[in-house]
Structures are given as structure tokens and as C-alpha cells.
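A.B. asks: I have a structure I would like to understand better, so I am pasting it below and will then ask my questions one at a time.
The values are calculated or read from the model by the stated rules, or taken from the named source; none is laboratory data. None of the values given here were measured: they were computed from a predicted structure. All Cβ positions, glycine included, derive from the backbone under ideal geometry; neighbour counts span all protein chains shown. Please note that ligands, DNA and RNA were not included when accessible areas were found on the heavy atoms of the full protein model with its side chains. Shrake-Rupley method; radii C 1.70, N 1.55, O 1.52, S 1.80 Å.
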Amino acid sequence: MTRQRILFIGGTGIISASCVREAIAQGHEVHCLNRGASTLRPLHPDVTLHTADARDQQEVARIVREGEFDSVVQFVGFVPEHVEADVEAMAGHVGQYVFISSASAYQTPVTRLPVTESTPLRNPHWQYSRDKIACEQTLLRAYRDTGFPVTIVRPSHTYDETMLPFDGGWTVVDRMRAGKEVVVPGDGTSLWTITHHSDFARGFVGLLGRVDTVGEAFHITSDQAPTWNEIYEAIAAAAGATPRLVHVPSTYIAAVDAEWGAALLGDKAHSMVFDNAKIRTIVPGFRATVPFRDGARDMIAWHDAHPEHQRIDPRWDGLMDRLADTFRPPAATASQTTPHHEENLT
């Protein structure tokens, strides 16, 4: 393995922090460019920090041009203007530019499973995904026109112990522990690929410094795709609760809450299963090894150890109450509203 000199723009997010740790573990020289404001995931002590705003084009250009990095990884590029600035600042000064896109950029809903890197990019429901597609197009145009050395990586749903995997966050766990109903979009049987951050990082670091990845796109995901019912049940089991799931059509959720609905219809409402054959051509033997049930236990343990992050959102709490009241199965409604005679309880 050749030791790489790598700059992460970001470096303290769910995915990027794990990639930083993995790169250091593999012996690379790691630099991070961010504002130095994150306390949730402190930087590894072996990281060289460049304190700067990622949107300060002149400062980014100075750091990149002085650093002579083998790879620059852009974790905080969200709209074409961000990556256009990077192309201008970095062209001719980096060996490889890695753009973190999103698997939500793939055709939604997808017409064929499993998803491969050749699956069309189209998401009419979610602006975030359309912006990522536009970023990819900008960068690939720069590659075609000038040889700008871009590699595109599309993570799917990747988590660490700090992030619960469903909308509503800790509010959902609090409701489970209190014996309240929780809303599951759809019928809960769609398949959802969910990837542990350490698994993603092992595949990702193997792409860095590889000239045969330039001009290419890769996704890196688990091969495990539990149903949403199984995801909620695993979290409930880790929390010591019995889940009371109420299934609500995603289209109805979108009608009453546009923001939640856009994320559902543009991403989580559809089964997503991925073919990881392409990443394995570059990183032979890559395999995700952390089962979601273990990740679920880590999430609950972390939140129980950090009560300051057990945030209850009254808006989400009230919304789930209203949706549960509307879509509660009739049998459940009858059992909760019909008085029990004392003799029936013995």
C-alpha cells in the first residue's frame, strides 16, 4: 500500500469521521479542512486540521495548492456552485478529487433491482437529490472537457451510534418506551439497505489514490436490506420496548407534512437493494460485516449514555399522535376503547 496524503473537506460527519479514522488506521497522512466547531465527533489526534470555511474559495485554493494532496475528498458539496468552485480552485493541483454524492440520486422509484452504478439518475421528488445529480454532471463535464480527476461516491443510508435511522429521531424511541404507537411509512415491508459507518469507510479508503477510479462512480453499501418493520423492531428490542407500529401511506404523510413526504417519496418509501460488485473490483474482498441489530444496540447504548441527545420534538410527537389516530387498525381501536369487565381480567 502506498501512503497517501489526503485532505478531507469536512471530516466530522457520520461518514467522514469514520473515513478519517480508517485512513489513519491504514497509515495515510490525513488532513481535514473545516471550521473546527464540531464536538460530537472530535478529530483524531493524528489529523492535521486546517481551520477554514469550505465556502471560502480563496482559502480552500491556498490550502489545496500548498498541500500537494494525492486525494481531496469533498463531503460538503451540495449544489453545483460548490463543485464549480472546487474545479476552479483545484484543477491541476490534486491527483484525485472525490465527490460524495448520494444513492438517492438513483432513479426513484427504481424500475430494476439490484441497483448498479449504471442505474439512471433521476429523482423528481427530492431537491437534495436533484442537486447532487447536478453536481455529478458538472464534475463529469469537467472530467470530459479538461481531465479533471473526479471520482464519484454514492453512499446509501449510512449510520453511526449517534443517528437513529428513522424520521423523528429519539422521539420515536421515547414513544416506544412509553408504550405509544409509532408511525411506519408504507406497509413496512419495503427493503432498505442500511450501512454501518465502519463498513462504508473500509470500502471508501480503498478507492483513494487509485487512478483507475477517475471518471467513475461507485456506491458502497451493506448487502443487508432489512424491512422497515424489522428496523423499527430491532431498535425497539435494543430499547427494551415492545413496538406498536401503525402503518401510514407515504403519500398521505406527504400531504400533511411536505418536508417529511419529500424525503420519503424521494428516498425511503422505495425498496433499495444494491449490487456492490463494482467496488469489489477495486477493493477485493470488501464486505459489510456489522449486522443492523448490533448497530441498533450501539445507538440505544450511546443515547442512554448521553441523555442530552435524547431530544423530544413536540411537533413530531403530535404529528405521530394524529397519524396514529387516523390509521390505527380497527381491531386495535376496539381493544383500546371497549371497557373491560373485571371478570374478563382474571
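A.B. asks: Please give me, ordered by residue number, the trypsin sites (Lys or Arg not before Pro) of region 216-289 that lie in loop per DSSP and have at most 13 other Cβ atoms within 10 Å.
C.D. replies: For trypsin sites (Lys or Arg not before Pro) across region 216-289 that sit outside H, G, I, E and B with at most 13 neighbouring Cβ atoms in 10 Å, the list reads 287.
A.B. asks: Show that you can apply the helix-only estimate: for the chain, add -39,500 (n - 2.57) for every DSSP H stretch of four or more residues, divide by all residues, and state [θ] at 222 nm to the nearest 500. Can you show the working numbers first?
C.D. replies: Numbers: 13 runs with 137 residues, N = 346.
The helix-only estimate for the chain comes to -12000 deg cm²/dmol at 222 nm.
A.B. asks: Among DSSP beta bridges lying fully in the chain, give the percent that are antiparallel, nearest 5.
C.D. replies: 5
A.B. asks: Give, rounded to the nearest 20 debye, the magnitude of the charge dipole that the chain has about its Cα centre when Lys and Arg contribute +1 at Cβ and Asp and Glu contribute -1 at Cβ.
C.D. replies: Result for the chain is approximately 540 debye, rounded to the nearest 20.
A.B. asks: Sorting 93, 50 by accessible area (1.4 Å probe), largest first, what list results?
C.D. replies: My answer, sorted largest first, is 93, 50.
A.B. asks: Can you give the FRET efficiency for residue 298 and residue 187, using 1/(1 + (r/R0)^6), R0 = 30 Å, r = Cβ-Cβ distance, to the nearest 0.05?
C.D. replies: E(calc), rounded to 0.05, equals 0.60.
A.B. asks: What trypsin sites (Lys or Arg not before Pro) in region 1-84 are in a loop by DSSP, with at most 14 other Cβ atoms within 10 Å of the Cβ? Walk me through the numbers before you get to the answer.
C.D. replies: Working: sites: 3, 5, 21, 35, 55, 62, 65; in loops: 3, 35, 55.
Here the trypsin sites (Lys or Arg not before Pro) that fit, given the DSSP loop and packing criteria, are 3, 35, 55.
A.B. asks: Of the options 173, 156, 120, report the single residue whose Cα projects farthest towards the positive end of the charge dipole of region 78-197 (beta-carbon charges: Lys, Arg +1; Asp, Glu -1).
C.D. replies: 120
A.B. asks: Compute the orientation-averaged projected area for the chain from the convex hull of its Cα atoms and round it to one decimal in nm².
C.D. replies: Working: hull surface 77.3 nm².
Orientation-averaged projected area of the Cα hull: 19.3 nm².
A.B. asks: Compute the long axis of helix 228-238 from its Cα atoms, compare it with the longest principal axis of the Cα atoms of the chain, and write down the angle in degrees, 0 to 90, nearest 10.
C.D. replies: 80
A.B. asks: Over what distance in Å are the Cα centres of region 96-153 and region 221-286 separated?
C.D. replies: 20
A.B. asks: From the mean inverse distance of alpha carbon pairs (Kirkwood) and the Cα radius of gyration, derive Rg over Rh for region 81-217.
C.D. replies: Reported Rg/Rh (Cα atoms, Kirkwood Rh): 1.05.
A.B. asks: Turning to a different aspect of this structure: What are the extents of the Cα atoms of region 1-152 along their three principal axes, in Å, largest first?
C.D. replies: Sorted from largest, the Cα extents of region 1-152 read 45, 33, 33 Å.
A.B. asks: Still on this model: Report, to the nearest whole %, how much of the accessible area of the chain belongs to carbon and sulfur atoms, 1.4 Å probe, protein only.
C.D. replies: 50
A.B. asks: With only Lys, Arg, Asp and Glu charged, each at its Cβ (+1 for the first two, -1 for the last two), find how big the charge dipole of region 89-201 is about the Cα centre; round to the nearest 20 debye.
C.D. replies: Details: 10 positive and 11 negative charges, 65 e Å.
Once rounded to the nearest 20, the dipole reads 320 debye.
A.B. asks: With the dipole of the chain worked out from charges on the C-beta (+1 for Lys and Arg, -1 for Asp and Glu) around the Cα centre, which of 266, 93, 43 lies farthest toward the positive end?
C.D. replies: Farthest along the dipole direction, towards plus: 93.
A.B. asks: Mind checking region 62-109 for GluC sites (Glu not before Pro) that DSSP puts in a loop (not H, G, I, E or B) and that have at most 14 other Cβ atoms within 10 Å? Please list the in-between numbers first.
C.D. replies: Values: sites: 66, 68, 81, 84, 88; in loops: 68.
Here the sparse-neighbourhood loop sites are 68.
A.B. asks: I need the P(r) histogram for region 141-184: all alpha carbon pairs, bin width 5 Å from 0 out to the longest distance, whole percents.
C.D. replies: Going from the shortest bin to the longest, the percentages are 5, 16, 16, 12, 10, 8, 7, 9, 7, 6, 5, 1.
A.B. asks: For region 48-94, compute Rh as the Kirkwood radius over C-alpha pairs and then the Stokes-Einstein diffusion coefficient at 25 °C and 0.890 mPa s; write the answer in µm²/s, rounded to an integer. Intermediate values should be presented prior to the final figure.
C.D. replies: On the way: Rh = 10.9 Å.
For these conditions, the coefficient is 224 µm²/s.
A.B. asks: Related question: Roughly how many debye, to the nearest 20, is the charge dipole of region 1-119 about its Cα centre, given +1 on each Lys and Arg Cβ, -1 on each Asp and Glu Cβ, and no other charges? Walk me through the numbers on the way to the answer.
C.D. replies: Details: 9 positive and 14 negative charges, 76 e Å.
About 360 debye.
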